[in-house]
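Colleague: Next up is a structure, given as structure tokens.
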Amino acid sequence: MQGFNKYYPPDYDGEKHGSLNAYRGKHALGDRARKIDQGILIVRFELPFNIWCGTCNNHIGMGVRYNAEKKKIGNYYSTPIYSFRCKCHLCDGWFEIQTDPKNTRYVVTSGARQKDEDWDPEENGGFAVHDTDPNAGPVDPLAALEKTTAAKNYVEQVQVPRIEALQTLSDHYGTDPYSLSRKVRKRFREDKKVEQAKQTSDEKFKSTYGLPETLALAEDNEELRVEARDAFRKERAEAERESAKRRKVVTEVRLVPRATPKSAGAPGGKTTSAVSSLRARILQNTARSSATLAGPSRARPPDLKDVIRR
Ligand SMILES: [Zn+2]
């Protein structure tokens, strides 16, 4: 027993014994210190969480108290790490729980299983905080230095030139807006002039040929020109062939009634003279009709087109 009272026996010598506990050979903490030579102190320990005993597999609720053997087993920096060895009250198994200063909590190290009841913020409508990556491992100062160097190089080699280029561009366009505006307006005026001239000529062309106002004219180019020329030549050749055919027919037709009243005796020489007189007459008619600007008469001579073209 501890020396609860202050009775000093007669053979007690303060200088020799130092204290009453020393005189009686007792520790100040009494029986709790019975394993103090092993560094173990018996303390009252209350389970900080629910566990299942590893020996009897019974559930032991949070808050159950044990006389635990408390022992310092190491340090986390300057903070001591303690282990608490408890004996299950339902069997004779022992389990051990340690402090974990790094994470400010207790952990079961042996003889039992801890019931995982950590507060989950996501489960409770909050947000999980992932400030540390568990897979990241310890921070490597060289890697960190490399990272910062790479970032610095990127800034120097990519971002700074880019910003300088943008600044130059901005200066180029921003320093003299008046002259730039003048340049642009001058060019716009020139373009407008060309555009207007083209429009005027297009309108003139349309009115000349009676084309609809809404007709879009194609841009003049060599290919179109060649195409149009070919088409024109083809058409003209066709027309010439047609008119030659008609001229022949008309000549024959006219030849017959004129030739009969005069003479039917010598068709050879008379036919030639009749043809030439007919031709002369037609030419005369044609000249008259084109001189008076009259439209083609209903009895248009077959070679009218030819004459006009020539
Ligand atoms: Zn047990």
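Values quoted throughout were computed directly from the atomic coordinates according to the rules given, and no laboratory measurement underlies them. In this text, all values refer to a predicted model and were calculated from it rather than measured experimentally. In this analysis, Cβ positions are derived from the backbone assuming ideal geometry, glycine residues included, and neighbour counts consider all displayed protein chains.
Colleague: Taking the conditions exactly as written (out of contact with any Asp or Glu (no Cβ under 8 Å at 6 or more places or on another chain) and closer than 24 Å to Val108 by Cα), does Pro48 satisfy them or not?
Modeller: yes
Colleague: Return the residue satisfying two criteria in turn: it lies in region 50-80 and is part of a strand (DSSP E or B) and of a type in the set (Ser, Thr, Tyr), and of such residues it is nearest to the ligand (Cβ to nearest atom).
Modeller: Just the residues of region 50-80 that are part of a strand (DSSP E or B), to begin with: 51-53, 59-60, 65-76, 79-80.
With the extra rule that they be of a type in the set (Ser, Thr, Tyr), the set shrinks to 66, 76, 79.
Details: Tyr66: 11, Tyr76: 29, Thr79: 30 Å.
This residue is Tyr66.
Colleague: Please count how many residues of region 98-112 are assigned to a loop (DSSP other than H, G, I, E, B) and surrounded by 12 or more Cβ atoms within 10 Å (Cβ to Cβ). Working first, answer last.
Modeller: Taking region 98-112 as the starting set, the residues that turn out to be assigned to a loop (DSSP other than H, G, I, E, B) are 101-104, 111.
Now drop any that are not surrounded by 12 or more Cβ atoms within 10 Å (Cβ to Cβ), which leaves 101, 111.
Qualifying residue count for the region: 2.
Colleague: Could you check how many residues of region 81-97 are among the hydrophobic types (A, V, I, L, M, F, W, C) and outside any strand (DSSP E or B)? If you could, list the steps in order and put the result at the bottom.
Modeller: Here is the first cut: in region 81-97, the residues among the hydrophobic types (A, V, I, L, M, F, W, C) are 81, 84, 86, 88, 90-91, 94-95, 97.
If we keep only those that are outside any strand (DSSP E or B) too, we end up with 88, 90-91.
Matching residues across region 81-97 total 3.
Colleague: May I ask you to verify whether Tyr76 is within 30 Å of Asn5 (Cα to Cα) and among the aromatic types (Phe, Trp, Tyr)?
Modeller: Answer is no for this residue.
Colleague: Look through region 87-105, keep the residues that are within 15 Å of Gly61 (Cα to Cα) and in contact (Cβ under 8 Å) with a residue 40 or more places away in the chain, and return whichever of them is nearest to the ligand (Cβ to nearest atom).
Modeller: It comes out as Phe95.
Colleague: Let me ask another. For region 33-47, does any single residue satisfy the condition of being in a loop (DSSP other than H, G, I, E, B), surrounded by fewer than 18 Cβ atoms within 10 Å (Cβ to Cβ) and within 60 Å of the chain's Cα centre (by Cα)? Reasoning before the result, please.
Modeller: As a first pass, look at region 33-47 and keep what is in a loop (DSSP other than H, G, I, E, B): 34-35, 39, 47.
Remaining after also requiring surrounded by fewer than 18 Cβ atoms within 10 Å (Cβ to Cβ): 34-35, 39.
Next, from what is left, pick out any that are within 60 Å of the chain's Cα centre (by Cα): none.
For region 33-47, residues in a loop (DSSP other than H, G, I, E, B), surrounded by fewer than 18 Cβ atoms within 10 Å (Cβ to Cβ) and within 60 Å of the chain's Cα centre (by Cα): absent.
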